[in-house]
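Here's the structure, in structure tokens; my notes come after.
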Amino acid sequence: MRMCCRLATFFFDDFRATQEVAAGRMRSASAVVRTVSTAGLEDFGLLGFLPALLGFLPALLALALLAGARSQTPQTLLLPAAAFRRGETPRVKMSLFGTTSGFGTSGTSMFGSTTTDNHNPMKDIEVTSSPDDSIGCLSFSPPTLPGNFLIAGSWANDVRCWEVQDSGQTIPKAQQMHTGPVLDVCWSDDGSKVFTASCDKTAKMWDLSSNQAIQIAQHDAPVKTIHWIKAPNYSCVMTGSWDKTLKFWDTRSSNPMMVLQLPERCYCADVIYPMAVVATAERGLIVYQLENQPSEFRRIESPLKHQHRCVAIFKDKQNKPTGFALGSIEGRVAIHYINPPNPAKDNFTFKCHRSNGTNTSAPQDIYAVNGIAFHPVHGTLATVGSDGRFSFWDKDARTKLKTSEQLDQPISACCFNHNGNIFAYASSYDWSKGHEFYNPQKKNYIFLRNAAEELKPRNKK
């Protein structure tokens, strides 16, 4: 089995950060509030000319035929399919996310089109006004906030917010800027604020009610991860950076509450109180406990042999964090429990995001795992990769639930909404094949899929 050259180029975060500065693509900080316009249907003006052209009786016949044909047209097709891309909704009311049924659960298209399109082969809802450069992070609003709001950060230096309605309509609400690519985003527990981490070496707090953003953190290198921590006796923001530090910030102060040294650059992290997991360069892996005050709990020898790419904490049946899933650039995920009864049996790894299956007679293309997200209700998980596919897994049954069709570019990020009904994933170039495969004319997309049924665990025999 051969490894693709894409594995050797996965230090692209550092590379792109340097290129962004060198190219002078930084944009000034500003707040832009966008709204979605609605277009009406076009009128057909030919009918007025029919009497003159065909005569009285032929005109009546033509009108009768036309009326009969229009009466057979489904109501959902009266709005052009392109209107979905502009954020419009059909005249017929329907709920896609509010129930367990809806789009994405069958082979038919909700858009009234059966044509094959590699940019959206799963026929999922397309978020309107997607970012202009690669999308590195996605995050849904917490359950304390009514409705569903989606945040995305991109290499265009911006962070955008959409309202996602039960109908599937997405409404752009607001936008904020950094002076460097946005690498991570998260929400406060009450949903009033969004925190953003950037290659400009800062982190910001975005107050959604006032649409104002202020700097709350500073590092000596790009900030790769950001998480909100809500403890009984304190609240803070945790930032992980390529300057090899983990910092904890009271948003009311310009100085960190605490600074913890990391063995290497921070590549990915996750937080579910009272646990945090940080994965670094050189395959470093550290678990922190957050009770009373943050402190190192344990350093773990990495179960993976290649560079860490993403990590996500999972909970037990008592809803407490009990372990994590770790993804690497080598198409593999490790399931690791913190205190398992039988480590040799309970901890395991599995292969994913590889071409040609396990057929050893042919070379196998191996792709990076770009994101991992656990379903908040079922505890199953989704992985997305540089191969342009997403997959759903049941870690307890150790089986795959579903794999998507292949998109025409990598899937760079993913997340679930708070009740697990919506699965969001971003399609954009992740630089896994180097600069020669970057096409600035290629559009970036965010898709929404009904995830209520497909993520249900397998029935145990």
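Which one of these does VAL333 not meet: (1) surrounded by fewer than 24 Cβ atoms within 10 Å (Cβ to Cβ); (2) under 21 Å from the mean Cα position of the chain (by Cα)?
Against the list (1) surrounded by fewer than 24 Cβ atoms within 10 Å (Cβ to Cβ); (2) under 21 Å from the mean Cα position of the chain (by Cα), VAL333 comes up short only on (1).
Can you name every residue in the stretch 365-381 that is hydrophobic (A, V, I, L, M, F, W, C) and either on the phi > 0 side of the Ramachandran plot or surrounded by 18 or more Cβ atoms within 10 Å (Cβ to Cβ) (or both)?
Of everything in the stretch 365-381, those that are hydrophobic (A, V, I, L, M, F, W, C) and either on the phi > 0 side of the Ramachandran plot or surrounded by 18 or more Cβ atoms within 10 Å (Cβ to Cβ) (or both) turn out to be ILE366, ALA368, VAL369, ILE372, ALA373, PHE374, LEU381.
Across the stretch 131-140, what is the number of residues that are buried (at least 22 other Cβ atoms within 10 Å of the Cβ) and part of a loop (DSSP other than H, G, I, E, B)?
Residues that pass the stated criteria total 2.
Would a scan of the stretch 382-398 turn up a residue that is open to solvent by 40 Å² or more (accessible area, probe 1.4 Å), among the acidic types (Asp, Glu) and either assigned to a loop (DSSP other than H, G, I, E, B) or in contact (Cβ under 8 Å) with a residue 12 or more places away in the chain (or both)?
Looking for residues that are open to solvent by 40 Å² or more (accessible area, probe 1.4 Å), among the acidic types (Asp, Glu) and either assigned to a loop (DSSP other than H, G, I, E, B) or in contact (Cβ under 8 Å) with a residue 12 or more places away in the chain (or both), one finds at least one in the stretch 382-398, hence yes.
Exactly one of (1) closer than 23 Å to ASP396 by Cβ; (2) modelled with pLDDT of 95 or more is unmet by ILE329. Its number?
Of (1) closer than 23 Å to ASP396 by Cβ; (2) modelled with pLDDT of 95 or more, only one is false for ILE329: (1).
Might you let me know whether the stretch 317-328 holds any residue that is out of contact with any strand residue (DSSP E or B) (no Cβ under 8 Å at 6 or more places or on another chain) and either among the charged types (D, E, K, R) or within 27 Å of LYS433 (Cα to Cα) (or both)?
Yes, the stretch 317-328 has at least one match.
Table: residues versus (1) within 20 Å of the chain's Cα centre (by Cα); (2) of a type outside the set (Gly, Ala, Ser).
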| site | (1), (2) |
| --- | --- |
| ASP396 | no, yes |
| ILE411 | yes, yes |
| ALA424 | yes, no |
| GLY434 | no, no |
| ASN439 | no, yes |
| PHE447 | yes, yes |
| GLU453 | yes, yes |
| ASN459 | no, yes |
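What single numbered condition from (1) at pLDDT 95 or above; (2) part of a loop (DSSP other than H, G, I, E, B); (3) not β-branched (Val, Ile, Thr) fails to hold for PHE248?
(2)
Go through the stretch 428-461 and give me each residue that's small (Gly, Ala, Ser) and within 20 Å of ILE366 (Cβ to Cβ).
SER432, GLY434
Could you tell me whether any residue of the stretch 434-445 is surrounded by 24 or more Cβ atoms within 10 Å (Cβ to Cβ) and of a type outside the set (A, V, I, L, M, F, W, C)?
Within the stretch 434-445, not a single residue is surrounded by 24 or more Cβ atoms within 10 Å (Cβ to Cβ) and of a type outside the set (A, V, I, L, M, F, W, C).
Out of (1) open to solvent by 40 Å² or more (accessible area, probe 1.4 Å); (2) not in a loop (DSSP other than H, G, I, E, B), the odd one out for THR322 is which?
(1)
Taking the criterion of being open to solvent by less than 30 Å² (accessible area, probe 1.4 Å), among the polar types (S, T, N, Q) and assigned to a strand (DSSP E or B), would at least one residue in the stretch 342-364 satisfy it?
Within the stretch 342-364 (the criterion being open to solvent by less than 30 Å² (accessible area, probe 1.4 Å), among the polar types (S, T, N, Q) and assigned to a strand (DSSP E or B)), the answer is no, since none of the residues qualifies.
From PHE374, PHE437, PHE423, PHE447, which residue is free of Cβ contacts under 8 Å to residues at least 60 places away in the same chain, in contact with a Phe, Trp or Tyr (Cβ under 8 Å, 6 or more places away or on another chain), assigned by the TED database to the domain that holds VAL333 and aromatic (Phe, Trp, Tyr)?
Of the residues listed, the single one that is free of Cβ contacts under 8 Å to residues at least 60 places away in the same chain, in contact with a Phe, Trp or Tyr (Cβ under 8 Å, 6 or more places away or on another chain), assigned by the TED database to the domain that holds VAL333 and aromatic (Phe, Trp, Tyr) is PHE423.
Taking the conditions exactly as written (in contact (Cβ under 8 Å) with a residue 12 or more places away in the chain, buried (at least 24 other Cβ atoms within 10 Å of the Cβ) and among the charged types (D, E, K, R)), does ASP408 satisfy them or not?
no
Looking only at the stretch 177-199, count every residue that is open to solvent by 20 Å² or more (accessible area, probe 1.4 Å) and more than 23 Å from ARG309 (Cα to Cα) and tell me the total.
Number of matching residues: 5.
Only residues that are under 15 Å from MET275 (Cα atoms), open to solvent by 40 Å² or more (accessible area, probe 1.4 Å) and outside any strand (DSSP E or B): list them for the stretch 211-232, please.
PRO232
Which residues, counting only those in the stretch 416-428, are open to solvent by less than 10 Å² (accessible area, probe 1.4 Å) and of a type outside the set (S, T, N, Q)?
GLY420, ILE422, PHE423, ALA424, TYR425, ALA426
Only residues that are assigned to a strand (DSSP E or B) and free of Cβ contacts under 8 Å to residues at least 60 places away in the same chain: list them for the stretch 141-176, please.
Listed by number, the residues that qualify are PHE149, ILE151, GLY153, VAL159, ARG160, CYS161, TRP162, GLU163.
For the stretch 225-236, check the following and say yes or no: at least one residue is under 18 Å from VAL159 (Cβ atoms) and in contact with a Ser or Thr (Cβ under 6 Å, 6 or more places away or on another chain).
There is at least one residue in the stretch 225-236 that is under 18 Å from VAL159 (Cβ atoms) and in contact with a Ser or Thr (Cβ under 6 Å, 6 or more places away or on another chain).
The values are calculated or read from the model by the stated rules, or taken from the named source; none is laboratory data. Just so it is clear, the model here is predicted, and its values are computed rather than measured. Reconstructed Cβ throughout: ideal geometry from the backbone, glycine too, with neighbour counts over all protein chains shown. What goes into the accessible areas is simple: the full protein's heavy atoms, side chains included, and nothing from ligands, DNA or RNA. Shrake-Rupley method; radii C 1.70, N 1.55, O 1.52, S 1.80 Å.
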